[in-house]
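Just below is one structure, and these are the notes that go with it.
The values are calculated or read from the model by the stated rules, or taken from the named source; none is laboratory data. None of the values given here were measured: they were computed from a predicted structure. As a convention, Cβ positions derive from the backbone with ideal geometry for all residues, glycine included, and neighbour counts pool all protein chains shown. Accessible surface is based on the protein model in full, side chains and every heavy atom, while ligands, DNA and RNA are left aside. Shrake-Rupley method; radii C 1.70, N 1.55, O 1.52, S 1.80 Å.
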Amino acid sequence: MNRAILAAVLAATLWAFASGQRGDSPIHFVYRPIDFKLDSSETPQRHAPETMAGGVAIFDYNNDGKLDIFFTNGADIDTLKKSSAKYSNRLFENDGKGHFTDVTAKAGLAGTGYDTGVAIGDYDNDGYEDIFVGGVHHNTLYHNNGDGTFTDVTAKAGLDKPDREYGPLWSVGGVWVDVNNDGLLDLVVINYLKWDGEHEPVCLDEGHRDYCHPKMYPPTPNQLFINNGDGTFRDASVEYGLRAHPGKGMGGAVADSSLDGRMDLFVTNDKLFNWFFRNVNGTRFEEIGFDANVALREDGVFISGMGVDFRDLDNDGYPDICLVALDNETFPIYRNTGKGGFVEVTESSGMASQSLPMAGYSPTIADFDNDGWKDIFVSRGHVQSLLSAPRITVEQPNTVFRNISAANKGGMKFAALTAEAGLTSRPPARHRGSAIGDLNGDGRLDVVVSAINAPAEIWINQSPGNNHWLELKLQGTKSNRDGIGARIKVVTKSGTQYNHMSTAAGYASSSAGPVHFGLGTNASADLVEIHWPSGIVQQLRDVAGDRIVPIKEPAQ
């Protein structure tokens, strides 16, 4: 370990001691159970999908103002069919106080196949959130009927066609984004590797069979489906350039990295180069991962890129990238320079030393202590089976990395909180997907996490302090109704911060609540400025905090 890493560890340790983390952590979660257990159909043959299940979504399915929870689930690995109720996907309705009722059967969301990821978005602009579910050799699009039920419209939408070159694809989820700013959400499908259950390679680990390295499987391309506006989509993967870059996608996130009004796409790949697709005038994507300095870690090593989030971490107005990987690979952070590229700050931020022993799956960037600086919650767990323990720490607790940049002038800084944040109150597990949202209406962001063959976890945020907050629930008119792609600036007496609307984050998961801002000690925002995808700029002044503010895009 070099001097820079040792210095980062020492700085984080001293900060933790000084701030009284030993019993008074600035971010603290309390576990609450929910009646769901992810079943990935683990077998001695160690089929690759068994270790990759677990997408989670938080969204308001019935427009009652209370955020609900959806879990994807596995299926019989041999048939890829949900042959038993234990494989059912699950939808839980929230009573507004963080208590949940299973409404899966009524909603019609049990599913039929081996499902991996989920993406939430109102693709037809009718005011009700729809659900895309990505899975092994099949995907499903559910239309929200507005009466508490959903209809499978996959075939009608044109999303049921197998790939002519690669055959059936394995999707780990999707990203809803309006790539051409026509007011209609398009769908990016993130595909993992090419898998054939009848020809699973055999990989041995100290005498036992375990999950194989991704190098044992061929890559597959991601897909882009353009919304036609009539309930159907057309495959524009070749036209927009995605088809030319097959990979082993594990996460996708979008942001307007250059503030040109177009949403760019970042895709993590498992033991391959990451892809950075720059949106060129809404007509195509240009892959510039190397030019942007995000294709690899700064030492040029391939890592197991898992989930990703793409948001402004240092309050300079430009969205940054955080992805996670396995132990000894770190959780890389790329700071947006505002000049068309990124610089890696994994080491200088303290993330390298703190994440080095960790295996992560789903990172989510959000302000969990409402101090005006976004933190990073990471669901943790190793990809290998339990037979690899104790040589490998397979089951791990989750961790939140508190953003302490404000107290450390000179760049991003993070402090890892695990036991301090209450996250060891449950046994460690092979955690997978994660999503965030205020589940009990107290203005603090809660987290839902899935785990392989273990109960799901709700982590209710009970962070101390009286920091204020503000949530913005956007409604596009000329832009897509969700307002996905809208950039938001919030100014208080303490400073300025930025965020944007996107439901995609982490691994295979979707967080579709209002856009959240912590206001610190400020009871109101002096200015809220929204740059809508349509190009309309809207300003609100003297906005009172501690509430959800509905904002409708003005006519222009």
Considering only strands (runs of 3 or more DSSP E) fully contained in the range 46-127, which possess at least 3 residues that are in contact with a strand residue (DSSP E or B) (Cβ under 7 Å, 6 or more places away or on another chain) and not acidic (Asp, Glu)?
56-59, 68-71, 90-94, 115-121
Would you tally the residues in the range 272-303 being touching a His at 6+ places or on another chain (Cβ under 7 Å) and on the phi > 0 side of the Ramachandran plot?
0
Mind checking which residues of the range 456-513 are over 24 Å from residue 528 (Cα atoms), among the polar types (S, T, N, Q) and in a loop (DSSP other than H, G, I, E, B)?
462, 463
Scan the range 89-131 for residues that are open to solvent by less than 20 Å² (accessible area, probe 1.4 Å), at negative phi and out of contact with any Asp or Glu (no Cβ under 7 Å at 6 or more places or on another chain) and jot them down.
104, 107, 109, 113, 114, 115, 116, 117, 118, 119, 131
Across the range 469-504, what is the number of residues that are surrounded by 21 or more Cβ atoms within 10 Å (Cβ to Cβ), out of contact with any Pro (no Cβ under 8 Å at 6 or more places or on another chain) and farther than 22 Å from residue 545 by Cα?
3
Among the candidates 327, 314, residue that is closer than 21 Å to residue 272 by Cβ and open to solvent by 10 Å² or more (accessible area, probe 1.4 Å)
327
Please work out which residue is least open to solvent (accessible area, probe 1.4 Å), limiting yourself to the range 357-395 and to residues that are free of Cβ contacts under 8 Å to residues at least 60 places away in the same chain, more than 19 Å from residue 214 (Cα to Cα) and not in a strand (DSSP E or B).
358
Checking 261, 241 in turn, the sole residue that is out of contact with any strand residue (DSSP E or B) (no Cβ under 7 Å at 6 or more places or on another chain) and farther than 21 Å from residue 306 by Cα turns out to be 261
Quick one: what pairs do we get from the range 135-147, first residue modelled with pLDDT of 95 or more, second of a type in the set (S, T, N, Q) and assigned to a strand (DSSP E or B), C-beta under 7 Å, 6+ apart or different chains?
135/116; 135/171; 136/116; 139/171; 142/151; 143/151; 145/151
I'm trying to understand the selection: among the residues of the range 132-165, which are crowded, with 20+ Cβ neighbours inside 10 Å, out of contact with any Gly (no Cβ under 6 Å at 6 or more places or on another chain) and part of a loop (DSSP other than H, G, I, E, B)?
159
Within the range 281-291, can one find any residue that is in a loop (DSSP other than H, G, I, E, B), of a type in the set (S, T, N, Q) and under 24 Å from residue 224 (Cα atoms)?
yes
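Table: residues versus (1) more than 18 Å from the chain's Cα centre (by Cα); (2) among the hydrophobic types (A, V, I, L, M, F, W, C).
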| position | (1), (2) |
| --- | --- |
| 455 | yes, no |
| 484 | no, yes |
| 490 | yes, yes |
| 496 | yes, no |
Find all pairs meeting these conditions: Cβ atoms under 8 angstrom apart; at least six residues apart or on different chains; first residue within the range 472-489 and more than 13 Å from residue 262 (Cα to Cα) and in contact (Cβ under 8 Å) with a residue 40 or more places away in the chain; second residue open to solvent by 20 Å² or more (accessible area, probe 1.4 Å) and among the aromatic types (Phe, Trp, Tyr).
488/498; 489/498
Tell me the strands (runs of 3 or more DSSP E) entirely within the range 210-268 that contain at least 1 residues that are modelled with pLDDT of 95 or more, among the small types (Gly, Ala, Ser) and within 22 Å of the chain's Cα centre (by Cα).
249-255
Here the residues within the range 280-296 that are within 20 Å of residue 192 (Cα to Cα) and not acidic (Asp, Glu) are 285, 289, 294, 295, 296
Identify, please: which residue in the range 105-121 is in contact (Cβ under 8 Å) with a residue 40 or more places away in the chain and among the hydroxyl-bearing types (Ser, Thr, Tyr) and is, among those, nearest to residue 77 (Cα to Cα)?
114
What is the residue count in the range 226-279 for residues that are touching a Lys or Arg at 6+ places or on another chain (Cβ under 7 Å) and aromatic (Phe, Trp, Tyr)?
1
In the range 203-257, the residues that are open to solvent by 30 Å² or more (accessible area, probe 1.4 Å), out of contact with any helix residue (DSSP H, G or I) (no Cβ under 7 Å at 6 or more places or on another chain) and of a type outside the set (D, E, K, R)
204, 207, 213, 216, 218, 219, 228, 229, 238, 244, 245, 246
The range 65-104, residues that are within 27 Å of residue 195 (Cβ to Cβ), touching a residue at least 60 places away in the same chain (Cβ under 8 Å) and among the aromatic types (Phe, Trp, Tyr):
70, 71
